[in-house]
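Data block below; observations after.
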């Protein structure tokens with residue numbers, strides 16, 4: 001038998017782990033649940049990060065991610081300059097990843113889905 005908390009090998013007669021003190025008789029689950037926080041408010045865009053991230057990663061040099069968030073003017077510039085020779089695409093990709101990219105209304109893309 002192993003401790004569900006620290007993984008130490010234990011004898012079946014133990015009720016508590018001598019290493020970490022975990023209750024071995026408690027009903028413990030080893031599954032992990034990931035929850036994404038949904039942001040709301042006046043400063044949060046209705047556009048989501050995932051499509052912008054994928055557009056930027058795969059066809060960023062065409063400016064598709066900028067067209068997606070409503071930045072038509074800079075989307076055309078990205079299209080004509082191949083994403084400012086890749087530098088602009090790289091900067092946008094980082095901004096999207098860290099959650100600092102803004103849409104055409106100045107609202108930040110905060111929600112991944």
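The values are calculated or read from the model by the stated rules, or taken from the named source; none is laboratory data. Treat the numbers as computed from the prediction; the structure is a model and nothing was measured. Positions of Cβ are backbone-derived with ideal geometry, glycine not excepted, and every protein chain shown enters the neighbour counts.
Name every residue in the stretch 87-103 that is within 14 Å of residue 43 (Cβ to Cβ) and surrounded by 14 or more Cβ atoms within 10 Å (Cβ to Cβ), in order of residue number.
Correct list: 101, 102, 103.
Selection of the stretch 88-113 for residues being in a helix (DSSP H, G or I) and without any contact (Cβ under 8 Å) to a residue 40 or more places away in the chain yields 88, 89, 90, 91, 92, 94, 95, 98. Condition check: surrounded by fewer than 17 Cβ atoms within 10 Å (Cβ to Cβ), under 14 Å from residue 109 (Cβ atoms) and either modelled with pLDDT under 80 or touching a strand residue (DSSP E or B) at 6+ places or on another chain (Cβ under 9 Å) (or both). Does residue 7 satisfy that? Spelling it out, it is not the case that residue 7 is surrounded by fewer than 17 Cβ atoms within 10 Å (Cβ to Cβ), under 14 Å from residue 109 (Cβ atoms) and either modelled with pLDDT under 80 or touching a strand residue (DSSP E or B) at 6+ places or on another chain (Cβ under 9 Å) (or both). How many residues are at positive phi and out of contact with any helix residue (DSSP H, G or I) (no Cβ under 6 Å at 6 or more places or on another chain) if we restrict to the stretch 53-79? Qualifying residue count, the stretch 53-79: 1. Going through (1) more than 19 Å from residue 111 (Cα to Cα); (2) at pLDDT 95 or above one by one, residue 19 falls short only on (2). Scanning the stretch 27-46 for residues that are exposed (fewer than 10 other Cβ atoms within 10 Å of the Cβ) and modelled with pLDDT under 80 yields a count of 12.
Just checking, does the stretch 56-76 include any residue being farther than 30 Å from residue 4 by Cβ, within 15 Å of the chain's Cα centre (by Cα) and crowded, with 16+ Cβ neighbours inside 10 Å? Looking through the stretch 56-76, at least one residue is farther than 30 Å from residue 4 by Cβ, within 15 Å of the chain's Cα centre (by Cα) and crowded, with 16+ Cβ neighbours inside 10 Å.
For beta carbons closer than 6 Å, sequence separation of 6+ or different chains, a first residue in the stretch 71-87 that is within 16 Å of residue 101 (Cα to Cα) and a second that is assigned to a helix (DSSP H, G or I), the qualifying pairs are 74/66; 75/66; 75/67; 78/66; 83/60; 83/61; 83/89.
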